[in-house]
Amino acid sequence: MTDHVALAPLERGAGSVRDQVLARLRSLMVAGVLKPGDRLATERELAAQMGVSRSAVREALSRLESAGLVERRQGSGTRVSARLPLSAVLGSFDTPDDGAIAASSELRTVVEPQIARLAAGRIERDELAALEALLEESAHVHEVERSVGLDVAFHVDVAAATRNPLLASLSELTVSWTVEGRLYSHLDDEGRRLSHDGHARILRALRAGNPDAAEAAMRVHLDEIADLVARLHE
């Protein structure tokens, strides 16, 4: 994006390039990386960032506009719709296939336990306080959109606490690759409770400055979420 999010090159998978561009942008909206009112980069810039043709970007944006997810105006570019209900974005998703969900889970399991291990030795007091505030709010939230946003914020903040800008950037980038699994895990009370309890264990380990415990807590958390998503997606 021009002023905010820089998109990584698109990893080509099944389906048309247009549909893959569409899925990437919708994922960023659901995860809260692209917020209502945010202005998107130009078609040329988006195409260059993702390594796709301008026509694929143009077609994807047209689909998003038809769904009411973006607004395109001559002279002011394309913006995420100012009033963007999560239900509209969820409704525009095709049901993700088992392979995509499994790949998302595997990616998180490989990367995030090591991020938690590093963060345990480097996290500072104000960062612990910020995580505590996220955890406190997540204990009482019932709206799926806000619950997903708090989940994303918690994991991104843990990555930032590693003091490694590449890991922090990777954590933000992978939000768009893992959003389907996150959504499934927050659709009911059990999933939101699992998320909160897992974060609480991670935070205790981070507060204790215990890398082994932080890594283990993150691994257990991700395993629990993966099991839940698999059950919901059966």
Practice prompt. Considering only residues that are more than 27 Å from G121 (Cβ to Cβ) and touching a Gly at 6+ places or on another chain (Cβ under 7 Å), look in segment 174-228 and name the one that is surrounded by the most Cβ atoms within 10 Å (Cβ to Cβ).
Written response: S185
Worksheet item: Out of (1) of a type outside the set (D, E); (2) at pLDDT below 55; (3) surrounded by 14 or more Cβ atoms within 10 Å (Cβ to Cβ), what's the single condition that is false for T95?
Response: (3)
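Just checking, does segment 59-78 include any residue being small (G, A, S), under 20 Å from A8 (Cβ atoms) and open to solvent by 30 Å² or more (accessible area, probe 1.4 Å)?
no
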Worksheet item: For S171, all conditions in the list (1) over 16 Å from E127 (Cβ atoms); (2) crowded, with 17+ Cβ neighbours inside 10 Å; (3) hydroxyl-bearing (S, T, Y) hold save one; what is the number of the exception?
Response: (1)
Fill in: Candidates E11, E45, filtered to the one that is surrounded by fewer than 17 Cβ atoms within 10 Å (Cβ to Cβ) and at pLDDT below 80
E11
Worksheet entry | In segment 171-193, the residues that are in contact with a helix residue (DSSP H, G or I) (Cβ under 7 Å, 6 or more places away or on another chain) and closer than 20 Å to I115 by Cα | S171, E172, T174, V175, S176, W177, T178, V179, G181, R182
Worksheet item: What are the residue pairs meeting all of these: first residue in segment 27-41, first residue farther than 18 Å from G181 by Cα and surrounded by fewer than 21 Cβ atoms within 10 Å (Cβ to Cβ), second residue at pLDDT below 80 and of a type in the set (K, R), Cβ atoms under 8 Å, and 6 or more apart or on different chains?
Response: P36/R83
Fill in: Restricting segment 124-175 to residues that are in a loop (DSSP other than H, G, I, E, B) and of a type in the set (D, E, K, R), the residue that is farthest from the chain's Cα centre (by Cα)
E124
Practice prompt. Can you work out which of the residues in segment 140-149 that are out of contact with any Lys or Arg (no Cβ under 9 Å at 6 or more places or on another chain) and surrounded by fewer than 21 Cβ atoms within 10 Å (Cβ to Cβ) is modelled with the highest pLDDT?
Written response: H140
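The values are calculated or read from the model by the stated rules, or taken from the named source; none is laboratory data. The structure presented is a predicted model; accordingly, all values stated were derived computationally and were not measured. Positions of Cβ are backbone-derived with ideal geometry, glycine not excepted, and every protein chain shown enters the neighbour counts. Ligands, DNA and RNA are excluded from the accessible area calculation, which covers all protein heavy atoms including side chains. Shrake-Rupley method; radii C 1.70, N 1.55, O 1.52, S 1.80 Å.
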